[in-house]
Each structure stands twice: as structure tokens, then as C-alpha cells.
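The values are calculated or read from the model by the stated rules, or taken from the named source; none is laboratory data. Just so you know, these numbers come straight off a predicted model, no measurement behind them. Cβ: placed from backbone, ideal geometry, glycine included. Neighbour counts: every protein chain shown. These accessible areas exclude ligands, DNA and RNA; they are computed on the full protein's heavy atoms, side chains included. Shrake-Rupley method; radii C 1.70, N 1.55, O 1.52, S 1.80 Å.
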Amino acid sequence: MNASGSLLSLPVKDPSGNQSWEGSSCLGEASQECEGFTIATSLSPCSVALKAMCSGKLQTALLVAGYFVYLLVGAAVFQALERTAEKQEKMAAAQMKEAFLQNFTQLTVPEMEQFMKNLIEAIQNGVYPVGNESQFEESNWDFSNSFFFAGTVVSTIGYGTLHPKTAGGQIFCVFFALFGIPLNIVFLHRVGKMLSLLCKKLGKFLYEKGMRKKKITFLTLLFFLATGILVFLCLPSVFFQITEGWSYSEGIYFAFITLSTIGFGDYVVGKQSDRKYFSYYRVLVAIWILFGLAWIALLFNLLTTVLEDTEKIIVKDLQQIGKVSKDKLESQQRRCWPVQFIPEEERLPPRAGGDAHKMESLTADSEHTENEKKVFSNSKTNAITCEL
């Protein structure tokens, strides 16, 4: 079996006995052997495009799968490293609370201050000594919370309400973020391409309907903004209002602060001890965050492009205004100069059909007339000389 990457043209006999020529293309070719003949089969552009599309889909699938596997592994490791230490802290907080309730009438001022310091430290570590012992048994490092934490690490949100406290967890967090943040950037870039492709398909559909390009651009951007605001801001805010008990404005505030990776930490999902959350609630929120980051990144890029274009237009207009003002000022100053100080080439500025053109024409005509008179005079003199 022969294979060649060069441009070849081989004779091939069809079943009727006629001879035809099969030429290869630059897109590639495959050779096949059939009944002793080597047949060069060229790949058409459609087949190459289909192959490229399938390859792109495969890459996207592998990237998404690898990304979520990375988050799942990170969540499992964080859970294994931090859960035991958290249990010890909760037991210490429960004992501190019990001791306080038994002796709070006999505590001195230094003992009360020490209790307040321990309470603040427990809260900063994510331990809230509120409620009964069954609430103490609920872990901040179960799989759902660990997955949510892994997502906030790679997305660089960093609420600060949950963080690793063991040495192993802190070291692992460093390396997890070191490789996870670049992976997150690649993932967001790919998701952004998918969103852009949807907008392109919409624009192509509108173009086939006979719309003008400017109107298509406006409608595509409007669709992108309206859909993104609805899916990633408005609807999640209703969901948070129901699940967390926040107001709708608080839900909008949390959604934008989260997706823009500001992450103040004043509002965090799944942290109210008096509310019951369904399983994997924070996993669902983490997935919303990951896809919402891609949308808001495209939105920020769009706004940046609009601002840059607006800046260029303003600078261009200012330069044009400055140039016109400078020309007017120079013209006014030139009118005030004495004639002897004005350069000769600027005394009669050339204008189409102006005085300078007329003067040049008159000068040329007068010179032509003088030459004719001289020629006529010389011919007359020569004639008189010949007669004599």
C-alpha cells in the first residue's frame, strides 16, 4: 500500500473501462489498493471540516472531563486532610460552650475576655458553636463543601469563610491552585468560544433572513446580554432568595460579586445553621459559578472593546478639532504679516480655477504671442533680403 503527501495525479479505470484522472488536494489524501491499482482518494473540504469539527468536540469533551475530574480529586483530598482537624475544633468549641454555660455567673473579666477570643477564633475557623450537638456534627468539609471550596480556589474568588488549617491542606492548596488556575483559564476560554459560536450561528441565521449587518450585530449583542443576565443573574437570584432567605437585591448583589471574582465573603451560600440545604447544593452553585465566569469574562471583554473604540473616536475628533483650530490661527496670523515677509509660494495659494491659474494662463499666452511676432518679423526680413 502506497501513501504520498505530494500532489499526484494517477490514472484510474472505472468499471466501464474509461480512464479518468484522480488528483490529490493539499488537504490530504489516502491511497487504496484495489485489484492491482493504486487509487488516490482526495479528501474533500467538507470531510476535512467535519473531521476538524469532530476533533474540536473531542478536545472540548476531554477538557471538560479533565477539568471536573481535577475538581473532584481536589475536593476529595481537601476533605481527607481537613475533616479530622475540623472535628477536633468542633469538640473543643462544644466543651468551651458547655463550660461557659456552667460557670458564666462566676467568670472574672480576664476569663470572659479569653472566652471571647476563643469564640472569635472558632468562628474565623468556620466553627459556629450555635445549636445542639447534632448541628456540631455537620461538617464544613463534606464532599459538597469541599467541591465548592475547590471551585473557589481555581476561580480565584476566595471568600475567606472556609480555608485549610492543617499544614498538609495548606501545602496542597498551593499546588492545587498553581495548576488549577491555568486549567480554569483554558476551560473558561473554551466555554467562551462555545458561547461566541452560538452568537455567530444566530447572526448567520439572521443574515440568511435578509437582515443588515449592523442590525444583526445589535441583535446578537442584545441576545448575548439579555440571555446572560437572565441565566446567570436574575434566575439564580430568585433561587438564592428561596434557598437562603435573602432579598432579591441581596441575591443580585451576591451573584455579581461572585461572578466578577470580587468575593467579599459577606454573603456565602450554605452557611446559615438555622436552614436546611439539600444535598450537593453547593456543588450546583459551584457549577453555576464556573459557567457564569465564562459569560461575565466575555461581557467584560466586550465592554473593554467598546470603551477602547470610544476612546479612539474621541481622540480622533479632538485631533481633528485641534488641527482645524491650528490652521485657522495660522491663516489669521498670515493675514496680519507684511507682504515682504510672506513667502512667494504662499502669496498666491494654488486653487482649482483660481486667480493663480488664470495668471499663469495669461502669462503663457502672452509669451506665445511674442514668439509668433518674432517669427513673423524674421520671416518678413528674410523675404525683403531675397528680393534685393
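Computed values, structure above
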item: Matching entry among Gly210, Gly265, Gly270 (being assigned to a loop (DSSP other than H, G, I, E, B), small (Gly, Ala, Ser), surrounded by 13 or more Cβ atoms within 10 Å (Cβ to Cβ) and over 26 Å from the mean Cα position of the chain (by Cα)); result: Gly270
item: Among (1) assigned to a helix (DSSP H, G or I); (2) more than 39 Å from the chain's Cα centre (by Cα); (3) in contact (Cβ under 8 Å) with a residue 40 or more places away in the chain - the single one Met116 does not satisfy; result: (3)
item: Filter result for Arg212 (in contact with an Asp or Glu (Cβ under 8 Å, 6 or more places away or on another chain) and at negative phi); result: no
item: Yes/no for Phe100 being farther than 27 Å from Ile171 by Cα and of a type in the set (A, V, I, L, M, F, W, C); result: yes
item: Pairs where the first residue, in the range 234-257, is over 17 Å from Ile157 (Cβ atoms) and the second is of a type in the set (Val, Ile, Thr) and in a helix (DSSP H, G or I), C-beta under 6 Å, 6+ apart; result: Ser237/Ile252
item: Condition met for Leu81 (touching a Lys or Arg at 6+ places or on another chain (Cβ under 8 Å), in a helix (DSSP H, G or I) and at pLDDT 85 or above); result: no
item: Members of the range 239-254 found to be part of a helix (DSSP H, G or I), surrounded by fewer than 14 Cβ atoms within 10 Å (Cβ to Cβ) and either on the phi > 0 side of the Ramachandran plot or within 27 Å of the chain's Cα centre (by Cα) (or both), listed by number; result: Ser249
item: Candidate set from the range 140-152 (those that are assigned to a loop (DSSP other than H, G, I, E, B) and open to solvent by 20 Å² or more (accessible area, probe 1.4 Å)); member that is modelled with the lowest pLDDT; result: Asn140
item: Pick from the range 273-296, criterion out of contact with any helix residue (DSSP H, G or I) (no Cβ under 7 Å at 6 or more places or on another chain) and part of a helix (DSSP H, G or I), ranking: farthest from Val127 (Cα to Cα); result: Ile287
item: Residue in the range 85-104 that is open to solvent by less than 40 Å² (accessible area, probe 1.4 Å) and within 39 Å of the chain's Cα centre (by Cα) present; result: yes
item: Top-ranked residue in the range 275-286 [being touching a residue at least 60 places away in the same chain (Cβ under 8 Å) and not aromatic (Phe, Trp, Tyr); ranked as farthest from Gly160 (Cα to Cα)]; result: Ser279
item: Pick from the range 153-169, criterion part of a helix (DSSP H, G or I) and open to solvent by 10 Å² or more (accessible area, probe 1.4 Å), ranking: nearest to Tyr267 (Cα to Cα); result: Val153
